[in-house]
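Visitor: Pasting a structure below so you can have a look.
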Amino acid sequence: MLVRLDKWLSEKSSLTRSEAKDALKKGKVLVNGQTAKDPSLKLNTDSDEVILDGNKLIYEKNVYFVLNKPAGFVTSTSDSDGVNVMSLLKGEVTKNLFPVGRLDKDTEGLLLITDDGELAHRLLSPKKHVKKTYYVECQKSISDFDMDILRNGVDIGDDTPTKEAEVTRIDGKIINLSITEGRFHQVKRMLEAVDNKVVYLKRLSFGNLVLEDLGINPGEYRKLNSSEIDILKRS
Ligand code: URA
């Protein structure tokens, strides 16, 4: 792919487009080992090398991070909402990144963060039925009868009941719940609808990505590799 040098710099570093132009003027940018000053220079993202202040800037069309979200962080890109999940991506250029869907502040587990709007839209579209599995600990024990209600779809006060879900018992008060929608506080509201209360919630998988396979502890994150991105895109 061909990309202008100022676009490369502003997308793959923390610089704005005008700061990028300034850095070029000041001779801070090397292209294939030579100082480059022309912001309109067209570069090949596969074969050209850009170095800013000694740091190589790799041009990938999109980036995909997976985070094991700890409790206490808001799923937002804005600081005004409290301590947000983006602050956990230390040292990354996060300006074009956003979390795909949201986990409540007290919810833990797998969160995808990317700059790929098209994929995010597809993964979140109710029509695509992408499965999300949660580990759900409740205040009271969950009867087989209630598990069936959750499975078949339950009225949580919206226009329509929830879609069919998969429910597996882990323990008296603990289930794994897989849903294909992403309604606001959906899991908590589903359990409230059967007169129970979620006391601990963790997302175990998102589409084809499984937290346990990703090797990230709470608070840790990493980039997906290309085969994991393929797996995700097949979700
Ligand atoms: N359902 C909820 O109620 N909360 C979450 O964070 C995710 C799903």
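The values are calculated or read from the model by the stated rules, or taken from the named source; none is laboratory data. This one's a predicted model, so the numbers in the text were calculated from it and none came from an experiment. Using ideal geometry, Cβ is built from the backbone for each residue, glycine included, and neighbour counts are taken over all protein chains shown. The area values use the complete protein model at the heavy-atom level, side chains included, leaving out ligands, DNA and RNA. Shrake-Rupley method; radii C 1.70, N 1.55, O 1.52, S 1.80 Å.
The rows are residues; the columns are (1) farther than 30 Å from Lys131 by Cα; (2) of a type outside the set (A, V, I, L, M); (3) free of Cβ contacts under 8 Å to residues at least 12 places away in the same chain; (4) assigned by TED's automatic domain parsing to the domain that holds Arg222.
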position: Lys25; (1), (2), (3), (4): yes, yes, no, no
position: Asn68; (1), (2), (3), (4): no, yes, no, yes
position: Glu92; (1), (2), (3), (4): no, yes, no, yes
position: Val100; (1), (2), (3), (4): no, no, no, yes
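Visitor: When you scan segment 126-235 for strands (runs of 3 or more DSSP E) that lie fully inside it, which ones turn up with 3 or more residues that are open to solvent by less than 60 Å² (accessible area, probe 1.4 Å) and within 26 Å of Leu112 (Cα to Cα)?
Guide: Qualifying strands (runs of 3 or more DSSP E): 132-138, 174-179, 198-206.
Visitor: Can I ask one more? Any idea which residue in segment 172-192 is nearest to Arg234 (Cα to Cα), counting only those that are away from the ligand (no atom under 12 Å from the Cβ) and among the hydrophobic types (A, V, I, L, M, F, W, C)?
Guide: Checking each candidate, the answer is Ile175.
Visitor: State whether the residues of segment 139-161 include one that is free of Cβ contacts under 8 Å to residues at least 40 places away in the same chain, more than 11 Å from the ligand (Cβ to nearest atom) and among the aromatic types (Phe, Trp, Tyr).
Guide: yes
Visitor: When you scan segment 46-61, do you find a residue that is closer than 30 Å to Leu123 by Cβ and in contact with a strand residue (DSSP E or B) (Cβ under 8 Å, 6 or more places away or on another chain), even just one?
Guide: Yes, segment 46-61 contains a residue that is closer than 30 Å to Leu123 by Cβ and in contact with a strand residue (DSSP E or B) (Cβ under 8 Å, 6 or more places away or on another chain).
Visitor: Any residue in segment 31-42 that is within 14 Å of Lys21 (Cβ to Cβ) sitting within a Cβ distance under 6 Å of a residue that is of a type in the set (A, V, I, L, M)? List the pairs, counting only those 6 or more apart or interchain.
Guide: Close Cβ pairs (under 6 Å, with a partner that is of a type in the set (A, V, I, L, M)) amount to Ala36/Val29; Lys37/Leu24; Pro39/Leu5; Pro39/Leu24; Leu41/Leu5.
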